Amino acid sequence: MSSRSRGVFIQIVVLLAALVGALLIGAVFLILAKSDPLKAYGVMFTGPISDKFGITETLVRTVPLLLVGLGIVISFRSGIINIGAEGQILAGAIGAAAVAVSLPDMPAVLLLPLVFLAGGLSGAVWGGIAGWLKARLAVNEILSTVMLNQIALQLYLFLIRGPLIDPKEVSYGTGVPQTASIPQQIWLSRLIPGTRLHSGLIFALLLAVLVYFFLWRTSIGYRMRAVGAGPEAARYAGIKVEWYLILAMALAGGMAGLAGAVEVTGVHHRAIEGISAGYGFSGIVAALFGRLHPLGTIPAAVLFGALLLGADMMQRAVNIPAAMVMVIQGLVVLFVVSSDYFLKNPSFLTHLKAKIFGQKVDGEGGK
């Protein structure tokens, strides 16, 4: 096995070990909640792959996870942390829906690209704000993106309950917070009839390939990765670090905005309350699990799409509290992020084994 193949194999093993560790700790919490962990995990892992519904619904969830994950890859590789994908999804969704319902008579060949452009630009602007605050005013991007999430949520709710609410909801007096349905000619086509799986999956896969070529095959992508690897060295080399930080956050926000646009055009066909379903945070985990690589994020997004669907099935099957699902997801995040330490310090396990069994390691006078 070549050194590169061995490195990839080790990364896969460590990540799978992290996932298993998170699920083992989660089993303890399930027992404390008086639930059967074997039954719960059995439903969680077999449900998404047991029939056509499970497989297609997994892929439906994969699309926003992959798009958000690609944005996370861009920002993290550029040395800036984006925790604001949740708000950027909402910005993209409301931007896409607003354009779609405002131009119902425009031909689909023009309207659909315009809707996607509006969604991407809305998310890019929302992400770019945090990038500008970081680059120009040295505002911590974690704080700014978390705050921007809350601002985006409140603006989104205001718009779908007020200026952009479906006129039918007003006339009927029901007041459900949602926009009018977008024109049917721009609904994304179904890949499998009778399911919700739409052509947005193909769009997301193509974007993953494009992001890979952008980051590893273009000069701009090289500069962004250089900024992430060492901003001071990049600045010494003549790279405008501040500009690339803003660009990275704008691109990350644009990807999340596209996720919102895809949810509007492919799944709900309108902007609704709770459209994100936590994809902004789960997408971070998918990107980390994919080792911050665009192509690695593809299987990671599928995996976490299955876990999200399986968690919903598990909650209904064994009647566990919704908070317990969040606990298990949080454990997965914690273990996946912690696994990065083992990958960056491969000698850690050797030293740990030596301490446990009283052995000596190289450099200490023994084996």
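Structural remarks
- Whole-number accessible area per residue in Å² for the range 56-319, which is evaluated in the context of all protein chains at 1.4 Å: 41 Å²
- Radius 14 Å from Cβ of residue 49, net charge of other residues (Lys, Arg +1; Asp, Glu -1): 0
- Here is the result for the range 219-292: no trypsin sites (Lys or Arg not before Pro) lie in DSSP coil with at most 10 other C-beta atoms within 10 angstrom of their C-beta.
- Estimated translational D of the chain in µm²/s (Stokes, Kirkwood radius over Cα pairs; 20 °C; 1.002 mPa s): 98 µm²/s
- Mean Cβ count within 10 Å, highest first, over the residues of peptides 296-306, 73-83, 105-115: 73-83, 296-306, 105-115
- Mean residue ellipticity, 222 nm, helices only, the chain: the sum of -39500 (n - 2.57) across DSSP H runs of n ≥ 4, divided by residue count and rounded to 500, is -24500 deg cm²/dmol.
- Carbon and sulfur %, accessible surface of the range 157-251 computed with the full protein complex present, 1.4 Å: 65 percent
- Under the combined filter of DSSP loop state and at most 13 neighbouring Cβ atoms within 10 Å, the range 187-289 retains these GluC sites (Glu not before Pro): 273.
- Restricting the range 1-45 to trypsin sites (Lys or Arg not before Pro) that sit in a DSSP loop and have at most 13 other Cβ atoms within 10 Å of their own Cβ leaves 34.
- Couplings 3J(HN,Hα) of the range 303-309, computed from phi: 4, 6, x, 5, 5, 5, 5 Hz, in residue order, whole Hz [Karplus 6.51 cos²θ - 1.76 cosθ + 1.60, θ = phi - 60°; x for Gly and Pro].
The values are calculated or read from the model by the stated rules, or taken from the named source; none is laboratory data. None of these values were measured; they are calculated from a predicted model. Positions of Cβ are generated from backbone atoms using ideal geometry, with glycine treated the same way; all protein chains shown enter the neighbour counts. We work out accessible area using only protein heavy atoms, side chains counted, and drop any ligands, DNA or RNA first. Shrake-Rupley method; radii C 1.70, N 1.55, O 1.52, S 1.80 Å.
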